Amino acid sequence: MEKEPDSSRQQNGWVGAALHGEFSDPLDHRLRYSVSLTESALTVQMISSQPARSKAVFLLADCVGCHAYTERDGDGGNVAADPGRDGGNGDGGDAAAYFVVYFYPFRGRWMSGGSARQKVEQVFRVVPLPDPAANLREAQRWARAIRDAAAKQIPRRNGVVYAQVPRPCRLMVLLNPQSGRGQAMQLFTAHVQNMLIEAGVPYTLVITDRRNHAREVVRKADLRQWDALVIMSGDGLLFEVINGLMEREDWREAVRTPLGILPGGSGNALAASVHHYSQAPPAWGEELLLSCGFLLCKGLVSPLDLVSVQLPSRRLFSFLSLAWGFVADVDLDSERYRTVGAVRFLLGTLLRLASLRVYRGRLAFLPLEAEPEAPPTPRTARRWARARPTDHAQERPSFCSNPASALRCGSVPSASPSTSASPNNNRSERRRGRVPSNRNTVTAETDQTDNRTRTRTETRTDPPGPLLDPLLPPLGRPLPDSWRRVEQQDFVLVLAMFQSHLSEELWAAPGAAPDDGLIHLFYVGAGVSRAALLRLFLAMERGAHLECGVPHLVYERVRALRLEPLSPQGIITVDGELVGPGPLQAQVHPGLARLVCG
């Protein structure tokens, strides 16, 4: 009988529109698999004499990367860090080559119901030919085909027009190591760093060490060096980044830099919203981190609304929420419980319920259906837009006298602070051949920014070319007739939402989207009972608070609002950051920024 040829060139090839091949197990070479690649899936079936053969189908929509390597490369980590390298020729060792595929499919949880993304790694040994280079070329052919097919299978929301971060992309990751429970660095190292390497995404890690450090970094950075800015922290660090971008001379272009979010804090409201927009099952903690990391690797970019918030002496830009009364007090009171994570908000809610307050003030808004007023004249616009967006916060004290040492990312040596802080210098050095081309470098800086300093130092500068707020008259001036005034002046809370979630576990605005051009305004009038208010927040975990039968709750979809507190008690927070007692007014700017989400 003629012996069946054992050649990958003869066994592995295109069959119709699919790629088909036979490979062995990297640990047990006697086990062989039949592998088929179509435009949407990778099918793996064990080759056996038994009639029933195990079969697994992996959707390419769940794939973040695929890399080829040889025995000399070890586990493929070096190839993953630089997929374009040759990968070695295997001299003096096994002539076989390998390719590894990384999937993050939804799988059932071990201890509870539902499903969440979990990592699955599939490694295949290319049946060796005498020529090691031929085996590597075959492995690279499969890796390239899988990556190309996976790039076309990115989960998208229906009706949303996406852009995409270019590949290979360059990320600046800003990380606050003290956010939440102080575990952001450990979470990044354990999950995000490996995922970025698997996806072949180079990054520079900047560890902040004081309040407004991230704001200063993005205000001065050469953004042409970066394809996206990624925040690994709570929502406060993104607040700094957005306002830093809006303070630049080139703010119109700077704010279009795609922004990614990785949950590393205690609230993680935007991360929960991004996960929700991907239409995935609910997730918390490390499951939420994996989901946001997966979406970051996929690199889809959608518009993000920003809300301009005018205060008497300054102007801010918000992406998440504006709160006055009960919600703002809970956020402030729960600061002392930050080390327990998201449970801090439950503790703060129970404490504030025990001493429920009423806040007196005036509220008005421009309804969605109202006809917009005529835009301001150039002379009026110049008078309205004199305040540059600044935070005016006194810097928080640092709890660490020595900056953190540089962290080694993947297998690439860390750069010095001066090198990492200046991408332009890095690029010029690479042109001269003095530093490696991979950008997985780290800025040796640390952040200790969670003990909020509540005092404010007022400063003011004039913007070079401010974004106008045509819907807003100057504070203190009468509102146009198209605005609606709320007759009631005694409130328990006023909450304006710009995203779907107020925290990981509070689905505050079920109908919100990142680019809907709306402010979702909720307010609860005085007279609500403690039991009804508790019932409202418990229902908010399911997004069912509008149907929970609390008559004092009012919900409006608006384009602008004005809030004028009249009583001394009560604070106002913007994106969870204390901004003062007010008054203030705000309007939404649809699609002003861009968000990496699925």
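The values are calculated or read from the model by the stated rules, or taken from the named source; none is laboratory data. Quick caveat: nothing in here was measured; it's all calculated off a predicted structure. Cβ coordinates were reconstructed from backbone atoms using ideal geometry, including for glycine residues, and neighbour counts include every protein chain displayed. All accessible areas refer to the heavy atoms of the entire protein, side chains included, with ligands and DNA or RNA removed. Shrake-Rupley method; radii C 1.70, N 1.55, O 1.52, S 1.80 Å.
For GLN164 paired with ASP131, estimate the spin-label separation in nm (one decimal), with each label point 7 Å from Cα along the Cα-to-Cβ line.
3.3
For GLN279 and THR189, what is the calculated FRET efficiency with R₀ set at 25 Å and r taken between the beta-carbons, to the nearest 0.05?
0.30
With labels modelled as points extended 7 Å from the Cα through the Cβ direction, what inter-label distance (nm, one decimal) is found for GLU249 paired with GLU541?
A separation of 5.3 nm, rounded to one decimal place.
Under the rule of at least 5 residues apart or a separate chain, name every residue whose amide H is placed under 5 Å from the amide H of ARG315.
Under 5 Å from the amide H of ARG315: THR390.
Can you tell me the order of 361-367, 126-132, 566-572 when each peptide is scored by its average per-residue count of other Cβ atoms within 10 angstrom, highest first?
In decreasing order of mean packing, 361-367, 126-132, 566-572 become 361-367, 126-132, 566-572.
Taking 25 Å as R0, compute the FRET efficiency from the Cβ-Cβ separation of TYR555 and LEU346 and round it to 0.05.
FRET efficiency, TYR555 to LEU346: 0.60.
When the Debye formula is applied to the Cα atoms of the stretch 173-285, each taken as the same point scatterer, what base-10 log of I(q)/I(0) results at q = 0.19, 0.23 Å⁻¹?
With no solvent term, the Cα-only Debye profile gives -1.04, -1.40.
Could you work out how much longer the chain between ASP148 and VAL57 gets when fully extended? Use 0.36 nm per residue separation minus the Cα distance between them, nm to one decimal.
31.0 nm
Need one number for the stretch 516-577: average projected area of the convex hull over its C-alpha atoms, nm².
About 5.6 nm², averaged over all directions.
Sorted by accessible area with a 1.4 angstrom probe, largest first, how do CYS297, CYS548 fall?
CYS548, CYS297
For LEU353 and ALA18, compute 0.36 nm times the residue count separating them, minus their Cα-Cα distance, and round to one decimal in nm.
Working: separation 335, 0.36 × 335 = 120.60 nm, distance 6.14 nm.
Contour length minus Cα-Cα distance gives 114.5 nm.
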